[in-house]
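In what follows, a single structure is set out as structure tokens and then discussed.
The values are calculated or read from the model by the stated rules, or taken from the named source; none is laboratory data. What you see is a predicted model; the values in this text were computed from it and never measured. Note: ideal-geometry Cβ built from the backbone for every residue, glycine included; neighbour counts use all protein chains shown. Surface areas here come from the heavy atoms of the whole protein model, side chains and all, with no ligands, DNA or RNA. Shrake-Rupley method; radii C 1.70, N 1.55, O 1.52, S 1.80 Å.
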Amino acid sequence: SFVFIEDFSQAMSQAGSSQFQEVIRQELEYSMKVELDKILATAHSNEIEHTKKDLEGFKKLFHRFLQEKGPSVDWGKIQRPPEDSIQPYEKIKARGLPDNIASVLNKLVVVKLNGGLGTSMGCKGPKSLIGVRNENTFLDLTVQQIEHLNKSYNTDVPLVLMNSFNTDDDTKKILQKYSHSRVKIYTFNQSRYPRINKETLLPIAKDVSYSGENTECWYPPGHGDIYASFYNSGLLDNLIAEGKEYIFVSNIDNLGATVDLYILNHLMNPPNGKRCEFVMEVTNKTRADVKGGTLTQYENKLRLVEIAQVPKAHVDEFKSVSKFKIFNTNNLWIALSAIKRLQEKNAIDMEIIVNPKTLDGGLNVIQLETAVGAAIKSFENSLGINVPRSRFLPVKTTSDLLLVMSNLYSLNAGSLTMSEKREFPTVPLVKLGSSFTKVQDYLRRFESIPDMLELDHLTVSGDVTFGKNVSLKGTVIIIANHGDRIDIPAGALLENKIVSGNLRILDH
């Protein structure tokens, strides 16, 4: 996905003299400025202020994109992180909790990344509004978790949602239903940046509007945008003024990302007296996680390295489970005062992710993004904590949805925990075929969610439906060939079975 930036930097290096390269860069920046000024001129008076901020932020990112020589890290400088820089969760937990846990909780703000749409699962609108369990959405579960905390400890932990222009309206409408819950909910919007034409490197938008034909012209620039947009929204300062000290940031679709009191206590009452400004929760890789970003030591700082930054020759080494044992869950704990300090100094350094897209009409564009965890190297005294896998339970596909809807998990005060009846704490590997990709198709194919307590592996492909009260155990593979259909009858028990061909059980 980084082909373009490599072509560009190759062209630059072949262009010979650095003066010539500089001229090309200046021309590109000048052309970009002219186009952005034209776009800004179309803004209504009430939009000018935030549009200007967005376009300024984009200009900075574009400038860096032209300066930098491609995404690669210098592989020779990557070292394993020092022993004490990634602490086992057990050690953090063993310290126990102080008596005044409420006063520690009152310093916390929970932030959920809520910019994503449910399109990959065939849903319109924000992903956070997809029903996950007993009619509860991701957002419902989040509110229930925090409400439970506030009631149990008599505290006031607020919830902050970082929306994008794609999710803001729908989310705000739904927030009214929580007006009586014991959680203060705030929102702010991440920036809106213009997509640029891959060939000309100019914006494809002609004006500021982002509805109708223009929806494809703009994008939210990744969750690394949280620092600038949180700061610009004024909310960061308000929360600091209220005495809040840390945010706990996570993806709204990670159902394992609940507030952990032991980690919070470690931050507020560090054993060596020196507070961490940034904590990243990491967890052990399995074969399914080879692409996850990993923590390394790089130029004497903890640094997150993503697969896209790895030189091609080293990708296999990066994926190796033995060399890089952990990956980033994107559950992060960050000091508010540090965000403010770094933001004011313009000192948050995140690698640029170049994300190529092809629009419906076939036009190739690129969007420049950043990732929230990449800023770890800009903070002082950063730490990784190796947490149990249960804190990483993302729902990206209907295969993930099947797991969290099943009896593998029980729901308590908005939190999912793995059932004690399951003998192994590992999550089964589930692969549902393309007939199940969209949520509505998936729901139609299960009359009820099967019993999966003793399941290790499930693969389903083709036109398959499940009756009520089906039990799946061990390894189950169900493949309906093209044109065939398989109906798994109500009450069926499939244990270590391969079912293929055509199976239709008719009720008489």
> Roughly speaking, what is the stretch gain from Val315 to Asp456, that is 0.36 nm per residue apart minus the C-alpha to C-alpha distance, in nm to one decimal?
Replying inline: 47.9 nm
>> Could you compute the longest span of the chain free of GluC sites (Glu not before Pro) located in DSSP loops and having at most 16 other Cβ atoms within 10 Å, not counting the site residues?
In response: 300-379
> Label 7 Å along Cα→Cβ of Glu495; segment 438-457 residues with amide nitrogen under 16 Å?
Replying inline: 451-457
> Using a Cα distance threshold of under 19 Å, what count of lysine pairs results for segment 398-500 when pairs must be 8 or more residues apart or interchain?
Replying inline: 5
> Okay, which of segment 325-362 sit inside 12 Å, backbone N to the point 7 Å along the Cα-Cβ direction of Thr215?
Replying inline: 360
> To the nearest whole percent, what portion of all C-alpha pairs in segment 335-454 is separated by more than 16 angstrom?
Replying inline: 75
>> Given bins 10 angstrom wide, list per bin the percent of all Cα-Cα distances in segment 335-374, short to long.
In response: 24, 35, 21, 15, 4
>> Quick check: pseudo-label points 7 Å beyond the Cα along Cα→Cβ at Ser448 and Asn346, how many nm apart are they?
In response: 6.2
>> On a full-extension model of 0.36 nm per residue, what is the gain between Leu202 and Ser419, subtracting their alpha-carbon distance, rounded to one decimal in nm?
In response: 72.8 nm
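Using a probe of 1.4 angstrom, how much of the accessible area of the chain is carbon and sulfur, in percent? Please report the intermediate quantities before stating the final value.
Details: 11810 of 23850 Å².
Carbon with sulfur: 50 percent of the solvent-accessible area.
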> If all Cα-Cα distances of segment 49-102 are sorted into 10 Å bins from 0 onward, what percent lands in each bin, rounded to whole numbers?
Replying inline: 16, 19, 18, 21, 26, 1
>> Report the Cα centroid-to-centroid distance between segment 430-506 and segment 273-303 in angstrom, as an integer.
In response: 38
> Calculated FRET efficiency, Thr42 and Thr465, Cβ-Cβ r, R0 41 Å, to nearest 0.05?
Replying inline: 0.20
> Short version: what are the Cα gyration tensor semi-axes of segment 398-500, square root of 5 times each eigenvalue, largest first, in whole Å?
Replying inline: 23, 15, 12
> Based solely on its DSSP helices, what 222 nm [θ] is calculated for the chain when runs of n ≥ 4 H residues each add -39,500 (n - 2.57) and the sum is averaged over all residues, nearest 500 deg cm²/dmol?
Replying inline: -8500 deg cm²/dmol
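Where in segment 40-123 are there trypsin sites (Lys or Arg not before Pro) that are in a DSSP coil and have at most 13 other Cβ atoms within 10 angstrom of their Cβ?
Lys69, Arg95
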>> Restricting to DSSP loop positions (anything but H, G, I, E, B) with no more than 16 other Cβ atoms inside 10 Å of their own Cβ, which trypsin sites (Lys or Arg not before Pro) remain in segment 233-300?
In response: Lys274, Lys291
>> Given points 7 Å out from each Cα along the Cα-Cβ axis, report the Asp84 to Asn502 separation in nanometres with one decimal.
In response: 7.0
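On a 1.4 Å probe surface of the protein chains, which of Tyr227, Tyr210 comes out largest in accessible area, and what is the full order?
Sorted descending by solvent-accessible area, the residues read Tyr210, Tyr227.
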>> How tilted is helix 3-14 with respect to the longest principal axis of the chain? Cα atoms for both, answer in degrees (0 to 90, nearest 10).
In response: 30
>> Only sites in a loop by DSSP and with at most 16 other Cβ atoms within 10 Å count here; which chymotrypsin sites (Phe, Trp or Tyr not before Pro) in segment 43-118 make the cut?
In response: none
> Residue by residue, what Karplus-based ³J(HN,Hα) values in Hz, rounded to whole numbers, does segment 461-472 have, using 6.51, -1.76 and 1.60 with θ = phi - 60° and x for Gly and Pro?
Replying inline: 9, x, 7, 10, 10, 10, x, 6, 6, 7, 10, 10
> How far, in nm, would the chain grow between Lys357 and Asp156 when pulled straight, counting 0.36 nm per residue and subtracting the alpha carbon separation?
Replying inline: 68.2 nm
> Put Thr167, Thr459, Thr426 in order of accessible area, largest first, 1.4 Å probe: what do you get?
Replying inline: Thr426, Thr459, Thr167
> To the nearest 0.05, what FRET efficiency results for Thr437 and Phe20 with a Förster distance of 41 Å applied to their C-beta separation?
Replying inline: 0.25
>> With N set to the number of residues, divide the alpha-carbon radius of gyration of the chain by 2.2 N^0.38 Å and report two decimals.
In response: 1.04
> Does anything in segment 92-112 have its amide N under 19 Å from the 7 Å Cα→Cβ label point of Lys172, and if so which residues?
Replying inline: 112
